[in-house]
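Just so it is clear, none of the values below were taken in a lab; they were calculated from the coordinates. All figures in this text were calculated on a predicted structure; none of them were measured in a lab. Don't worry about glycine lacking a Cβ; one is built from the backbone with ideal geometry, like all the others, and counts go over all protein chains shown.
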Amino acid sequence: MNKFDKAYLKMAQEWAKLSYCERKQVGALIVKDRMIISDGYNGTPSGFENCCEDADGKTHWYVLHAEANAILKLAASTQSAKGATLYLTLSPCKECSKLILQAGITRLVYINEYSDDDGISFLRNHNIEIEQISDCELKK
Ligand SMILES: [Zn+2]
């Protein structure tokens, strides 16, 4: 584990705190050549009300995941995620793992394990380098 991985994950944790979602707050950073080229947290699309859950506490289907937001932000810029590293506070779901692969991201570093590990297996099978750094390791 290198000190930059730790520092970027800590920043991703700060980004997670910006999320308006109550059930789960997730942060993402995309780093290339030791520069942060994009960031994101889970939330509703621009122009929507900043509320992720319905009255029953269920997450709205239109909430974008943190990594999807970070990747989409790049789509609107001149930067590319090709060969970049993605830092996440929570491992990606299946839907986002497709975006990660297609965006050309080659390395993923995350803190917590999402309940469904299909996304991680998918990325591993497509030669994405994956590393998990636990929350207590981060605090060391
Ligand atoms: Zn997702």
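Every condition in (1) within 12 Å of the ligand (Cβ to nearest atom); (2) surrounded by fewer than 21 Cβ atoms within 10 Å (Cβ to Cβ); (3) within 14 Å of the chain's Cα centre (by Cα); (4) over 14 Å from Ala16 (Cβ atoms) holds for Tyr114 except the one numbered (4). Does Asp116 fit the bill of being on the phi < 0 side of the Ramachandran plot, without any contact (Cβ under 8 Å) to a residue 12 or more places away in the chain and part of a loop (DSSP other than H, G, I, E, B)? For Asp116, the condition - on the phi < 0 side of the Ramachandran plot, without any contact (Cβ under 8 Å) to a residue 12 or more places away in the chain and part of a loop (DSSP other than H, G, I, E, B) - is not met. Of all residues in segment 96-110, exactly one satisfies the criterion of being part of a strand (DSSP E or B), crowded, with 23+ Cβ neighbours inside 10 Å and more than 13 Å from the ligand (Cβ to nearest atom), namely Val109. Is there a residue being buried (at least 21 other Cβ atoms within 10 Å of the Cβ), in contact (Cβ under 8 Å) with a residue 40 or more places away in the chain and farther than 22 Å from Asp135 by Cα anywhere in segment 31-41? Within segment 31-41, one or more residues are buried (at least 21 other Cβ atoms within 10 Å of the Cβ), in contact (Cβ under 8 Å) with a residue 40 or more places away in the chain and farther than 22 Å from Asp135 by Cα.
Would you point out which residue out of Ala55, Ala81 is part of a loop (DSSP other than H, G, I, E, B), crowded, with 20+ Cβ neighbours inside 10 Å and away from the ligand (no atom under 14 Å from the Cβ)? Give the derivation first.
Working: Ala55 fails: crowded, with 20+ Cβ neighbours inside 10 Å.
From the options Ala55, Ala81, the qualifying one is Ala81.
As a summary of the residue check, Ala103 satisfies the conditions (1) in contact with a helix residue (DSSP H, G or I) (Cβ under 6 Å, 6 or more places away or on another chain); (2) over 23 Å from Tyr62 (Cβ atoms) except for the one numbered (2). Can you tell me how many residues within segment 42-52 are away from the ligand (no atom under 16 Å from the Cβ) and in a strand (DSSP E or B)? So the answer is 0.
For Ala68, the criteria (1) crowded, with 22+ Cβ neighbours inside 10 Å; (2) within 12 Å of the ligand (Cβ to nearest atom); (3) of a type in the set (Gly, Ala, Ser); (4) not in a strand (DSSP E or B) hold in every case but one, which is (1).
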